Amino acid sequence: MSTKTIILLFILGFLIGLLVLCYVPSYTNHLKSDDRGYDVMANNILTGHGFSGAESPPFEPNVTRTPGYPIFLALIYSLFGRNYNAVFIIQIIMSNLTALLVYFIAFKSFVSYKKQIASLSYILVLFCPFLWFLAKMLFTETLFTFLVTLSILLITVALERNSYWLFFTSGLITGIALLTRPTLLLLPIFLVLLIILAGIKRDKFSSLVKKNIVYITAVMLMWSPWIIRNYIVFKEFIPLTAGISGAFFYMGTLPPYRYSTEFFYKEEEKRFDDYLSKAGNTKAIIALDNEYKKDAFKRIKEMPLTYFKYTLQRIPILWLSSFSHYFGLETPLRKLTGELRNKILQKQNFMRELMIILIKLSLIFINILYVSTAVVGIVLLSKYWRKYYPLLMIPLYFTLIHMVLGRADARYALPAYPIMLIFSAYGLLFIQGQLKKYFYKGWKLV
């Protein structure tokens, strides 16, 4: 793919992102959940009220969110005012830049057919409809996905060039990503193992130690001010957040549903509502979070096999979704088909229901295509796992971490999509090769 083609596709991706922003509805058009919290925190930072989620005095310091995304929003607000469209446009550009990072990662990682794989990966990420919706929300995912992808590119190049500077830079970016979403907490450990696995045959032990020290030092440079802040403010050691992790860990011991907080048992739902009502009382939140953790460990000990079954059941919930509710199409498919059938029987106009059903089915088909071809790519490359460990690690990490946590929402797997789509590109090119071999020899994807 030529530089001119890359630029033209980038512009096309940006224009499509603008069309999605302007014409595709979203359930976050009116801030009402996490997006409202991030917006309030960003405004409080700008107005001198500190890192607080409160909308009125005394603006108690927040302990349930990390500062990365509110600071990102505050920077945009400082330049453009409290303008959500400015945020969305910047996030569209950032999403496209993520696709560009994926192009370089694929180009650096593969030896054979690297131009084709890099080009197809770029196209898949650039025009992935599930990444478009992220850009039009005040959610962490667009920034977080960009940072995770950038960190993987930097560490891939660092391993290739044996560069301490790039190990340090990757550590800084990992630290920023960690402060954007706390689910990244264990990733630095995975990356340390990556550095060891990649260099164990060619590097001396002292060299491996130095690389890991450089990387971890950079992570801690970004992370430690937040730990210090939490200790000064709350007089407790809080590495990232409190008040959320324990509840989600506990939810992981309950039967999995696509939206766990909406399907609590009645007694658990009341307990969780009480839990959220203490949002302004930091000590109560920390205490209740610890209570949730204790109860979670107790339940796991009492029913280990059932808990293991629940974790496995979260895999399809994480990876298979139409994501249509994020495009404002929140009516379930079963209800839509019922409405369609009734309108046909009553000889009423049913085009609206039919179009929504077709959109939902098209989106789920695209997702299944992405995931299934990625699985093909991963299986084909599994014997070279040492070479592709940096890439394999990302979808594996996000799957494992959210198998344990109770929030089995497909949105949480999306930060792994750009890297996963590299494997999808490899799988698609393999399938193309097989079709070309047995059916039509002149057909090709890129």
Can you pull out every residue in the range 211-249 that is farther than 22 Å from PHE168 by Cβ, touching a residue at least 24 places away in the same chain (Cβ under 8 Å) and of a type in the set (Phe, Trp, Tyr)? PHE234, PHE248, PHE249
Counting only residues that are of a type in the set (Ser, Thr, Tyr) and buried (at least 16 other Cβ atoms within 10 Å of the Cβ), which one in the range 212-244 is nearest to PHE190 (Cα to Cα)? TYR215
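Given the options PRO188, PRO256, PRO239, name the one that is in a loop (DSSP other than H, G, I, E, B), modelled with pLDDT of 65 or more, under 22 Å from the mean Cα position of the chain (by Cα) and under 28 Å from TRP319 (Cα atoms). Please lay out each step first, then the result.
Numbers: PRO188 fails: in a loop (DSSP other than H, G, I, E, B); PRO239 fails: under 28 Å from TRP319 (Cα atoms).
Being in a loop (DSSP other than H, G, I, E, B), modelled with pLDDT of 65 or more, under 22 Å from the mean Cα position of the chain (by Cα) and under 28 Å from TRP319 (Cα atoms) holds for just one of PRO188, PRO256, PRO239, which is PRO256.
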If I filter the range 379-405 down to residues being among the hydroxyl-bearing types (Ser, Thr, Tyr) and in contact (Cβ under 8 Å) with a residue 40 or more places away in the chain, which single residue comes out as farthest from PHE104 (Cα to Cα)? THR399
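Among the listed residues LEU400, LEU381, identify the single one that is surrounded by fewer than 19 Cβ atoms within 10 Å (Cβ to Cβ), within 30 Å of PHE430 (Cβ to Cβ) and of a type in the set (A, V, I, L, M). Step through it out loud before you land on a result.
Numbers: LEU381 fails: surrounded by fewer than 19 Cβ atoms within 10 Å (Cβ to Cβ).
Going through LEU400, LEU381 in turn, just one is surrounded by fewer than 19 Cβ atoms within 10 Å (Cβ to Cβ), within 30 Å of PHE430 (Cβ to Cβ) and of a type in the set (A, V, I, L, M): LEU400.
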When the range 102-117 is checked residue by residue, the ones that are without any contact (Cβ under 8 Å) to a residue 24 or more places away in the chain and surrounded by fewer than 15 Cβ atoms within 10 Å (Cβ to Cβ) are VAL111, SER112, LYS114
How many residues are over 22 Å from the mean Cα position of the chain (by Cα) and at pLDDT 90 or above if we restrict to the range 158-185? 3
Name the pairs whose Cβ atoms lie under 9 Å apart, with the first residue in the range 347-361 and exposed (fewer than 15 other Cβ atoms within 10 Å of the Cβ) and at pLDDT below 85, the second part of a helix (DSSP H, G or I) and among the polar types (S, T, N, Q), and 6 or more positions between them or separate chains? GLN348/ASN342
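Quick check on THR373: is it out of contact with any Asp or Glu (no Cβ under 6 Å at 6 or more places or on another chain), within 27 Å of ILE419 (Cβ to Cβ) and at pLDDT 85 or above?
Against the criterion (out of contact with any Asp or Glu (no Cβ under 6 Å at 6 or more places or on another chain), within 27 Å of ILE419 (Cβ to Cβ) and at pLDDT 85 or above), THR373 qualifies.
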Considering residues that are part of a helix (DSSP H, G or I), polar (S, T, N, Q) and surrounded by fewer than 20 Cβ atoms within 10 Å (Cβ to Cβ), the number found within the range 312-341 is 2
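Okay, residues lined up against (1) in contact with a Phe, Trp or Tyr (Cβ under 7 Å, 6 or more places away or on another chain); (2) modelled with pLDDT of 90 or more; (3) surrounded by 15 or more Cβ atoms within 10 Å (Cβ to Cβ); (4) of a type outside the set (Ser, Thr, Tyr):
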residue	(1), (2), (3), (4)
ILE11	no, yes, no, yes
PHE14	no, yes, yes, yes
VAL24	yes, no, yes, yes
LYS32	no, no, no, yes
PRO58	no, no, no, yes
THR64	no, no, yes, no
TYR77	no, yes, yes, no
Looking at this structure, is ASN96 on the phi < 0 side of the Ramachandran plot, over 24 Å from the mean Cα position of the chain (by Cα) and modelled with pLDDT of 90 or more? no
Being of a type in the set (Gly, Ala, Ser) and either within 18 Å of the chain's Cα centre (by Cα) or buried (at least 19 other Cβ atoms within 10 Å of the Cβ) (or both) is the filter here; which residues of the range 38-51 pass it? ALA42
Given (1) surrounded by fewer than 22 Cβ atoms within 10 Å (Cβ to Cβ); (2) touching a Ser or Thr at 6+ places or on another chain (Cβ under 8 Å); (3) basic (Lys, Arg), index of the condition LYS136 fails: (1)
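The values are calculated or read from the model by the stated rules, or taken from the named source; none is laboratory data. Please read these numbers as outputs of a predicted model, since none were measured by experiment. Virtual Cβ from ideal backbone geometry, glycine too; neighbours counted across all protein chains shown.
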